[in-house]
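The values are calculated or read from the model by the stated rules, or taken from the named source; none is laboratory data. All of these numbers come straight from a predicted model, not from anything done at the bench. For neighbour counting, all protein chains shown are included, and Cβ atoms are generated from backbone atoms with ideal geometry for every residue, glycine included.
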Amino acid sequence: MNRVERGSACAPTPEVPGILSRDECLATGLAIARMQEPSGAIPWFPGGHTDPWDHLESAMALTVTGLRDEAEAAFEWSRTTQRPDGSWPAKFRRDEIENDDTDSNFTAYIAVGVWHHHLVTGDERFAGRMWPTVRRALDRVVDMQLSGGQIAWASGRGGRVDEALVTGCASIHHSLVCGIRLAGVVGDAQPHWEIALYRLGHALRRHPELFTPKDEYSMDWYYPVLGGALRGGDARRRIESRWDDFVVDGLGIRCVDHKPWVTGAETCELVLALDAIGDDRRARDLFAAMQHLRDPDGSYWTGLVYADGKRWPVEVSSWTSAAVVLAADALSRTTGGNGVFRDAVVPADRVGADGCAEGCPVFV
């Protein structure tokens with residue numbers, strides 16, 4: 001029996017009583033580890049492509065389930081594949097670049113992964129080793145910020161795409177929060193990230209016209225809550241505003257509002273968003289509802305077309321399994337990283353009523 005088969009778990013594994021046991025959660029971590037390539041990359045599924053964001057989400061799940069060697073191999077892959085400008089190509093397949101464009105959200109997410117690893121393990125040496133990678137990445141992302149505070153979603157050989165997306169920018173908001181906190185741990189303050197964060201948060205809260213509308217996608221609905229740009233009454237009102245459009249009782253949530261297709265990762269991300277605003281009952285109910293996507297080996301199918309009862313696409317995806325593990329950790333408050341999404345918010349005493357930081361100009 002090799003190490004992945006028996007596991008290298010050395011810390012408490014999340015359990016959500018009545019829904020997901022510790023052994024089942026560990027099995028999900030091991031299912032992700034089995035998909036990992038020798039280089040450390042974690043593709044969407046065996047033989048599939050790897051993107052830098054979903055790769056890191058899977059690494060975070062490995063950290064939660066105690067598979068630390070596998071998690072750190074994934075982070076090392078990120079460290080060694082980073083380009084000199086701080087970015088990563090948007091898509092790899094078996095370590096060959098398939099798409100060399102820069103996605104700002106993909107690039108920023110390394111900050112969430114490394115901060116999460118620190119929260120779970122307390123390993124400051126690891127944080128210090130990864131810090132130059134995080135610093136280069138967030139500097140690259142901040143360079144892509146547009147005049148209204150929003151961040152351009154991509155750049156490529158044709159130059160920067162001056163278009164911003166709610167989902168990506170909300171996730172970058174989370175990444176900047178994590179990067180700023182990591183900067184405090186390593187003793188290397190980055191005040192320009194703080195200014196970028198406050199400008200971005202203000203844009204997300206007050207200026208929807210700055211973003212290309214993608215209203216049919218559930219991620220645009222809940223991501224401003226998940227990424228910490230919205231909390232309190234604003235967050236609750238946003239969730240209520242489209243609950244009936246996306247939530248399918250007993251199954252999970254739609255990825256697209258007009259399609260009879262529920263997806264596991266989006267459902268678990270909504271669980272995390274609900275947990276962040278204290279809506280514990282609905283978070284737990286949705287987590288239970290999506291378990292129909294679980295495979296006996298611990299992995300999770302991506303989605304279900306409930307109109308005909310067929311799983312689609314016909315794949316178990318690493319990032320869906322990862323979202324399950326992270327949601328289980330948040331609901332159970334098990335590891336030190338359980339609040340990484342719950343705490344993805346600028347401290348209230350640093351933000352004025354207009355959503356801008358005290359001491360910073362008001363960006364309108």
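Structure values in brief
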item	result
The lone exception for Cys178 - which of (1) at pLDDT below 95; (2) under 15 Å from the mean Cα position of the chain (by Cα) it fails	(1)
Helices (runs of 4 or more DSSP H) contained in region 54-169 and holding at least 1 residues closer than 22 Å to Met35 by Cβ and touching a His at 6+ places or on another chain (Cβ under 7 Å)	68-81, 110-121
Residue selected from region 198-229 under the condition of a type in the set (Ser, Thr, Tyr) and either modelled with pLDDT under 95 or outside any helix (DSSP H, G or I) (or both), by the criterion farthest from the chain's Cα centre (by Cα)	Thr212
Enumeration of residues in region 13-47 that are among the charged types (D, E, K, R) and farther than 19 Å from Trp301 by Cα	Glu15, Arg22, Glu37
Complete set of residues in region 237-262 that are out of contact with any Gly (no Cβ under 9 Å at 6 or more places or on another chain), part of a strand (DSSP E or B) and closer than 19 Å to Arg311 by Cβ	Val248, Ile253, Arg254, Val256
Matching residues, region 263-301, being acidic (Asp, Glu), surrounded by fewer than 19 Cβ atoms within 10 Å (Cβ to Cβ) and in a helix (DSSP H, G or I)	Asp280, Asp285
Any hit, region 283-304, residues being free of Cβ contacts under 8 Å to residues at least 40 places away in the same chain, out of contact with any Lys or Arg (no Cβ under 7 Å at 6 or more places or on another chain) and over 26 Å from Ala31 (Cβ atoms)	no
Matching residues, region 17-52, being in contact (Cβ under 8 Å) with a residue 12 or more places away in the chain, polar (S, T, N, Q) and either surrounded by fewer than 22 Cβ atoms within 10 Å (Cβ to Cβ) or outside any helix (DSSP H, G or I) (or both)	Gln36, Ser39, Thr50
Cβ-Cβ under 8 Å pairs, at least 6 apart or on other chains, region 122-133 side under 11 Å from Val186 (Cβ atoms), far side assigned to a loop (DSSP other than H, G, I, E, B) and among the charged types (D, E, K, R)	Trp131/Asp188
Filter result for Arg231 (over 20 Å from Gly113 (Cα atoms), surrounded by fewer than 21 Cβ atoms within 10 Å (Cβ to Cβ) and in contact (Cβ under 8 Å) with a residue 60 or more places away in the chain)	yes
Residue tally, condition out of contact with any Pro (no Cβ under 8 Å at 6 or more places or on another chain) and either over 18 Å from Ala322 (Cα atoms) or free of Cβ contacts under 8 Å to residues at least 24 places away in the same chain (or both), over region 236-266	21
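Okay, residues lined up against (1) under 18 Å from Val112 (Cβ atoms); (2) in contact with a Leu (Cβ under 6 Å, 6 or more places away or on another chain); (3) modelled with pLDDT of 95 or more:
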site: Asp295; (1), (2), (3): no, no, yes
site: Ser299; (1), (2), (3): no, no, yes
site: Thr302; (1), (2), (3): no, no, yes
site: Glu315; (1), (2), (3): no, no, yes
site: Ser321; (1), (2), (3): yes, no, yes
site: Leu326; (1), (2), (3): yes, no, yes
site: Asp329; (1), (2), (3): yes, no, yes
site: Gly336; (1), (2), (3): yes, yes, yes
site: Val345; (1), (2), (3): yes, no, no
